[in-house]
């Protein structure tokens, strides 16, 4: 057996055979570059590719070279600066800096950082590499079994609405040919004999008359074969096969009261966008329900959710009651995976916070695959945070984090949705 080993270099001291091997080989450097890129782009642009730069020294391969110490001899080409026996200064190590940095020099060589483009899928795969939907496999709530009807050949009985005309007529034709074949063969023999008898004895001969009577009986038998029989009927057969439910609904609940300034609202908007993008990695179809609230909660469209300037006091329970009503009305059939995300500065009417905790515990979390609460405030936790903290020990599908500034969106998101080691 002949084995061919390709040792050609794609470029200087780089032997990545293809793109996937390259991504696997330099995954650590690429992930570091992607994380740096994420910190510089807005979440609205998260669903795009990225130009990633990897320092040249990270791409170099091991190779042998002379060390800087020890005693060694070299033969140099002739020049007009030194004579035989002259001592020359040992050259300093390192020729080019790689990446173009440092002071100018007329010696050595360098290499720019390696820049390549990550596609959208490659970029998101690296970003979400160590994230997973909580309890997705363990609880299998995302794999609720639904059934669909699927064609599975033909059957001899069924509903008249499912009759297959072509297949039934084909069967009827085959049956008639099979049953009538002996009669047709005998008929051809009699017709041939009749023609010979008529030619020999004439039309009035008794043998001719007998042959004609027998031919008539055979034709009667052939015509008596039913054109179609119940035995010929064929029906389209359909069976129910299980299919996984791959649809989810995401509830975005945001406080728009007077205490939520534009910076806090912008932080909440970015978190919702990131969560939606994350869910698209696991579900084929996602519906999003936007609920804004101050003292009154209202379901709105995306544009109003993000851009309306309405404000007022704060009664968070109104939003939770509306979320429960929407779940019961549209998503309670068991075919939806329900996710919730609530963003607030935590400032709530004191008497309402215990009500919110009770609503979340008894009416929201039992329906949800996962519910995340983020409190956007630079100060001490507010009363809503203190009430929600009481749910952490008893509800595995609930998590909460604090965000003080937009730069913390990504770390908080990763903390909320990190892979479970259990």
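The values are calculated or read from the model by the stated rules, or taken from the named source; none is laboratory data. Remember, it's a predicted structure, so these values are computed and weren't measured experimentally. Please note: Cβ atoms are built from the backbone with ideal geometry, for glycine as well, and neighbour counts cover all protein chains shown.
Quick notes
- Scope the range 382-404; condition assigned to a loop (DSSP other than H, G, I, E, B) and farther than 13 Å from residue 371 by Cα; matching residues: 382, 393, 394, 404
- Single residue of 360, 322, 392 found to be in contact with a strand residue (DSSP E or B) (Cβ under 9 Å, 6 or more places away or on another chain), more than 21 Å from residue 259 (Cα to Cα) and loosely packed, with under 13 Cβ neighbours inside 10 Å: 392
- Exactly one residue out of 198, 249 is surrounded by 11 or more Cβ atoms within 10 Å (Cβ to Cβ) and more than 30 Å from residue 307 (Cα to Cα), and it is 198.
- Within the range 280-296, being in contact (Cβ under 8 Å) with a residue 40 or more places away in the chain and either crowded, with 17+ Cβ neighbours inside 10 Å or touching a helix residue (DSSP H, G or I) at 6+ places or on another chain (Cβ under 6 Å) (or both) holds for 283, 289, 291, 293.
- Here residue 227 meets the list (1) part of a loop (DSSP other than H, G, I, E, B); (2) closer than 30 Å to residue 306 by Cβ almost entirely, failing just condition (2).
- Among the residues of the range 215-247, just one is in contact with a helix residue (DSSP H, G or I) (Cβ under 6 Å, 6 or more places away or on another chain), modelled with pLDDT of 85 or more and more than 24 Å from residue 172 (Cβ to Cβ), namely 215.
- Residues in the range 257-279 that are surrounded by 17 or more Cβ atoms within 10 Å (Cβ to Cβ) and more than 23 Å from the chain's Cα centre (by Cα) were compared, and the one that is farthest from residue 336 (Cα to Cα) is 259.
- In the range 375-386, of all residues being in contact with a helix residue (DSSP H, G or I) (Cβ under 6 Å, 6 or more places away or on another chain) and modelled with pLDDT under 90, the one that is surrounded by the fewest Cβ atoms within 10 Å (Cβ to Cβ) corresponds to 383.
- Single match in 260, 273 (criterion: in contact with a helix residue (DSSP H, G or I) (Cβ under 9 Å, 6 or more places away or on another chain), farther than 23 Å from residue 367 by Cβ and part of a loop (DSSP other than H, G, I, E, B)): 260
- Checked against the criterion of being within 26 Å of the chain's Cα centre (by Cα) and assigned to a helix (DSSP H, G or I), the candidates 303, 352 yield just one match: 303.
- Taken residue by residue, the range 390-410 has at least one member that is in the same structural domain as residue 323 (by TED's automatic domain parsing), modelled with pLDDT of 90 or more and farther than 30 Å from residue 126 by Cβ.
- Checked against (1) under 33 Å from the mean Cα position of the chain (by Cα); (2) buried (at least 16 other Cβ atoms within 10 Å of the Cβ), residue 347 passes all but a single condition, namely (1).
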